[in-house]
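Data first, discussion second: the structure below is written as structure tokens.
The values are calculated or read from the model by the stated rules, or taken from the named source; none is laboratory data. Since we're looking at a predicted model, the values are computed, not measured. Here the Cβ positions follow ideal geometry from the backbone for every residue, glycine too, while neighbour counts run over all protein chains shown.
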Amino acid sequence: MADEVLMSVERGVATLTLNRPDQHNTLSIGLVNLLGDFLAQCRDDPRVKVVVITHAGRTFCAGADLKRSATDGEERRHRVVDVISTIMDYPKPTVARIGGSCMAGGIGIAAACDISVAVESAKFGFTEVRIGVAPAIISVVCLEKLSRADALDLFLTGRRIDATRAAAIGLITEATDAEELDGRVDAVLTDLLAGGPSALMAVKELVREVPRRSREDAFEWAADLSARLFSSEEAREGMQAFREKRPAPWTTTATGQERGAT
């Protein structure tokens, strides 16, 4: 059996490719295991600055694997809820490249990413009610992005919307022409790779932490974070590069390419 997730690393970008195209990249135990493994590997790999999640075939992810039995004998190392939570709290920027339909649990993965770019023709749908269940797990990430009215409309009806509508209601970041998808993702990656690695991680932390705190506590916490960042070697290098009108060192380093699977 082919690996159900593929990983490649090039120029600081790790690309994780969901690789069950004949099964619409449904969330089998094997796919979820490998996705969780690779996310952990990339988190701890100093060469990886950004993680992209994409797919083989015409579907990004159709959600739960309803055809494979949970008793097929494969050991479960990661649950879907664990993988989505990992992406939500990931210290490094995450980007979803969506070149096809994204349904149910697949929306949870896409919405958990920091930035998600989809082709305009991609369909999105919370189709769980049509098989007698509810979008329970993915609601944790999706309700942070959707208005109550949009959530009730989509969760209750199970109807499908296109990527343009998904972007308009905040479920994803951007919808684009199919011919421009890779160019738009490359533009996002270029912008992310221009940021300092520690600065990018700090942005992820402040977006997560500030809304949880009172105003007074948030200002105090943010002031401490700002002071640490301004006194860091990364900031010194970045400001020196700015004064000298040259790229910061992290924007020019190429790590080459490495491919592998656990």
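Descriptive notes on the structure:
- The listed residues are 204, 245, and the only one of them that is of a type in the set (Lys, Arg) and surrounded by 12 or more Cβ atoms within 10 Å (Cβ to Cβ) turns out to be 204.
- Meeting the requirement of 1 or more residues that are assigned by TED's automatic domain parsing to the domain that holds residue 94, under 22 Å from the mean Cα position of the chain (by Cα) and aromatic (Phe, Trp, Tyr), the helices (runs of 4 or more DSSP H) wholly within the stretch 125-181 are 148-157.
- Residue within the stretch 142-161 that is surrounded by 13 or more Cβ atoms within 10 Å (Cβ to Cβ), within 21 Å of residue 100 (Cα to Cα) and of a type in the set (Phe, Trp, Tyr) present: yes
- Residue 186 under 20 Å from the mean Cα position of the chain (by Cα), in the same structural domain as residue 133 (by TED's automatic domain parsing) and assigned to a helix (DSSP H, G or I): yes
- Selection within the stretch 196-233 - more than 30 Å from residue 141 (Cβ to Cβ) and assigned to a helix (DSSP H, G or I): 227, 230, 233
- Across the stretch 43-69, the qualifying residues are those that are more than 17 Å from the chain's Cα centre (by Cα) and of a type in the set (A, V, I, L, M), and the one among them that is surrounded by the most Cβ atoms within 10 Å (Cβ to Cβ) is 64.
- When restricted to residues that are acidic (Asp, Glu), out of contact with any Ser or Thr (no Cβ under 7 Å at 6 or more places or on another chain) and either surrounded by 21 or more Cβ atoms within 10 Å (Cβ to Cβ) or within 20 Å of residue 89 (Cβ to Cβ) (or both), the stretch 1-42 contains 0.
- When each of 63, 12, 36 is tested for being under 18 Å from residue 204 (Cα atoms) and touching a helix residue (DSSP H, G or I) at 6+ places or on another chain (Cβ under 8 Å), the lone residue that passes is 12.
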